Amino acid sequence: MRQTRVLLGVVLSLVMVLSAHAESTDAANTADKQEAQALLKKIQSAAQKLNYSGTFIYQQANQIRTSRITHVLEGRNEIEKLEILDGQPREYIRRNEDVTCYMPETRTKIVEKRVTQDGFPAILAALPADLTDYYNVKMGETGRVAGFDCQAVLLEPKDNMRYGYKLWAEKNSGLLLRAQTLNGKNEIVEQISFTQIGIGNIDHSHLKPSFGNTSSWHTESSVINPTNLNEWTVTGMPPGFKKVRELKRMVADAPSSKSAAGTAAMRREVSQLIFSDGLVAISIFIEPGSQSRTEGSLQQGALNIVGKRQGDYWLTIVGDVPPAAMRQVANSIELKNK
Amino acid sequence: MNTKDITQEQISALADGELSDAYVDMALAALRQADGRDAWDVYHQIGDIMRSDDMALTMSADFSARMAARLDAEPAIIAAPLAVTLQPSEQIAVGGGQPVRVGVIGVRRTIKRFALPGMAAAAVAAAAFIITPQTVVVSGPAAQQLTLASASAVSDDHVVTHAGEVLRDSRMDEYLTAHQRFSPSLYSAAQYARPATFAPDANN
């Protein structure tokens, strides 16, 4: 379900931007851009309207994860099941806006509203109409993915503050079958691809959770509180990144093994600021810095993480942007004196 | 069993914190040999990987030496006890799972301490004691009060640094999950595939 939502969001953003700017583009590129636009539109509706079921593999740096997604449109209801096939079993079943996460080892269900339904319009509303100022959008090569002929669309960044993307869409249906993140040297740093997929004629019984009767499972709902974090300023955001959300949540630390018996998990409040250029996001987590931690950074595929202390606070910055952009952001976060 | 088997069994027991005091000297002597050190490293690697796929790292060749050197360079804050006595509950660490046996010929040692993930950190801390008795490594709440200058405290509550990197821990996964939930990134679906993501601590 993440997948669909994500594809949809990428495509929606691009389509809006492209339609707004198609007229003003260079005549030589117009045909190509219009073609790319049409394909992105097709990708968008395909993810929502088609029935499909397939296995995809995600590669980030040296890690690989496999998942299976089944998407069905029943009348006007969208139902989607995402199964995590590696590591701990997880299933996410979405019926329109309602998402349930099944965690068999603790017999727990987490029920929540689909966040990005709010998130995406919010991101779109905040989306600068000038996304093409930051990315060149053009048609790429053709190729074969998971047995299907595909057409690629390229999103090339115009600065070194973001990665580039190559999206591969199935030629007939427009379904996105492969996406790749490219760094400044045009190397793939992260990619996701179907290895097998069936389009149309999906057995609806695949949409049920695989764990039998889960009515006795413990149910939790995840609650997030919007908040105002205007006292925090970030002056070093790369161009095009706008604040799309600010929220607070309580996070429970896993109790340490020594204190597990009887001691409740430590709870702490974490604030989160989210910035996005419409394609990717940078999150800044802010919490009181009472615990001893070590500053540093970590890169994992296209995902970068920086942890640093700022006065009495501990900041964790997570972003799908290159290290240069992360450094610039991390060094520009300030708490305004009130 | 020949001498080598016995030695390896003792090393394994030492790693588990289960070796009786009478044999500790023998085991420590064995650790001075390359064979013994290799066995020691292998047992820890097996345990690490059993605990988490994320731990399937290859350490750089001189990791131990550099680690020891850095520990040496630290000020000793409290005099360390010479012998480590584990809690009885930690010695019997066989959980519900199958006992796992090491695949080395003749070595029948059950790797008990990794059967319960929660105990693993404690055991590792204990192992650190043994390697470097001059350094105090405290696990649990005490470690939080005890702020070591270079933050190399081996504790399950800390983000342990390695060459300036913030290493992945369960807390990090929380941030990643929270980030991805609101990110239009193409890869959000796949991010859910992280083993630790959305999982309350397995010890609960």
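The values are calculated or read from the model by the stated rules, or taken from the named source; none is laboratory data. Quantities reported herein were computed from a predicted structural model and do not represent experimental measurements. When we count neighbours, we look across all protein chains shown, and the Cβ atoms used for this are built from the backbone with ideal geometry, even at glycine.
Side notes on the structure shown:
- Restricted to the range B:11-125, the set of helices (runs of 4 or more DSSP H) holding at least 3 residues that are within 30 Å of A:G87 (Cα to Cα) and at pLDDT 80 or above comprises B:34-51.
- Some residue of the range B:29-42 being touching a residue at least 12 places away in the same chain (Cβ under 8 Å) and over 19 Å from the mean Cα position of the chain (by Cα): yes
- Selection count, the range A:55-72, where residues are over 19 Å from the mean Cα position of the chain (by Cα) and either in contact (Cβ under 8 Å) with a residue 60 or more places away in the chain or outside the structural domain of A:E91 (by TED's automatic domain parsing) (or both): 1
- For A:L279: the one exception among (1) assigned to a loop (DSSP other than H, G, I, E, B); (2) without any contact (Cβ under 8 Å) to a residue 40 or more places away in the chain: (2)
- Spans of strands (runs of 3 or more DSSP E) in the range A:285-338 with at least 3 residues within 21 Å of the chain's Cα centre (by Cα): A:296-300, A:303-310, A:313-319
- Residue in the range A:235-247 that is modelled with the highest pLDDT, counting only those that are in contact with an Asp or Glu (Cβ under 8 Å, 6 or more places away or on another chain) and buried (at least 17 other Cβ atoms within 10 Å of the Cβ): A:P238
- Residue identified as modelled with pLDDT of 85 or more and aliphatic (A, V, I, L, M) among A:L154, A:L124: A:L154
- Residue count for the range A:34-63, restricted to those that are at pLDDT below 85 and in a strand (DSSP E or B): 2
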